[in-house]
1. For segment 28-103, with only Lys/Arg (+1) and Asp/Glu (-1) charged at the beta-carbon, what is the dipole magnitude about the Cα centre, in debye rounded to 20?
2. Residue by residue through segment 207-223, what is 3J(HN,Hα) from phi via Karplus (6.51 cos²θ - 1.76 cosθ + 1.60, θ = phi - 60°)? Round to whole Hz and write x for glycine and proline.
3. Largest first, what is the accessible-area ranking of 117, 154 with a 1.4 Å probe?
4. Estimate the FRET efficiency between residue 133 and residue 42 by the formula 1/(1 + (r/R0)^6), using the beta-carbon distance for r and 30 Å for R0, to the nearest 0.05.
5. Classify segment 66-123 as rounded, prolate or oblate, taking a ≥ b ≥ c as the square roots of the eigenvalues of its Cα gyration tensor: rounded when a/c is under 1.5, otherwise prolate if a/b is larger than b/c and oblate if not.
6. Which entries in 41/229; 100/230; 91/229 show an alpha-carbon gap greater than 32 Å?
7. Which ³J(HN,Hα) values in Hz, rounded to whole numbers, follow from the phi angles of segment 122-130 under the Karplus curve 6.51 cos²θ - 1.76 cosθ + 1.60, where θ = phi - 60° and Gly and Pro get x?
8. Along Cα→Cβ, 7 Å out, is where each label goes; now give me the distance between the ones at residue 154 and residue 71 in nm to one decimal.
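The values are calculated or read from the model by the stated rules, or taken from the named source; none is laboratory data. Source: prediction; values computed, not measured. Neighbour counts are summed over all protein chains in view; Cβ atoms, including those assigned to glycine, are modelled from backbone coordinates with ideal geometry. Just the protein is used for accessible areas: all its heavy atoms, side chains included, with ligands, DNA and RNA removed. Shrake-Rupley method; radii C 1.70, N 1.55, O 1.52, S 1.80 Å.
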Amino acid sequence: MNRATLEKRPDEVQSMFDAVAARYDITNDILSMGQTRRWRKIVVDAVDAKRGERVLDLAAGTGTSSEPYADAGVSVVACDFSTGMLEVGKKRRPDIDFVKGDAMNLPFADNSFDAVTISFGLRNIQDPRLALSEMYRVAKPGARLVIAEFSHPTFSPWRTVYTEYLMRALPAIATKVSSNPTAYQYLAESIRAWPNQDGLAAWLDAVGWRDVQYRNLAGGIVAVHRGFKK
């Protein structure tokens, strides 16, 4: 996969993530300069899961994003379509329920979860709006959806600097630390092709999520959206 558009082939994206699974978490920490851990905590706080609730963590990869829920005694399902990612996660955290699944056709019944969350994975799905509909289907009435995704810096000069980092520095750094540097060229391009904060909020509203709001992090490099199923 050489160029990233919003028309992605699932088999290619899956193979890409299988290839980077072994060093994925370490590489992300380096490329984000340690910010991923802070962003994950903000997502967990927004999900606000309680004991007795069931959380679906989509694009969970190796389960790093699922661990805080499991550690708090919350029932969490870590779902991803990358076999390589799931295998790494199962070895590290055998206590977490890892499920292989396609976000556009989730292997869960209607009204199954009290909360659904996805971090930095929605833009890699071939049809993200269909995935948002599937998340709505499997969520219980009153359930919340929390999405963390790369977005668009709100300050124009900072946006220019950030774009330069994405397209030049990020792939160069990935060459040194990643098992598959080409994958990070795709990731950089996929971030740049993604809609802005209001665009994603409109997608959520269009498929039925209500009271949609978002919070910018790092000047808009990342946005955390939250909505509710009525």
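1. 160
2. 9, x, 5, 10, 6, 6, 9, 9, 10, 7, 10, 6, x, x, 4, 10, 10
3. Numbers: 117 0, 154 90 Å².
Descending order: 154, 117.
4. 0.75
5. Here segment 66-123 falls in the oblate category.
6. Working: 41/229 23 Å; 100/230 28 Å; 91/229 34 Å.
Correct reply: 91/229.
7. Per-residue couplings from phi come out as 4, 6, 8, 8, 4, 10, x, 5, 5 Hz.
8. Modelled inter-label distance: 3.0 nm.
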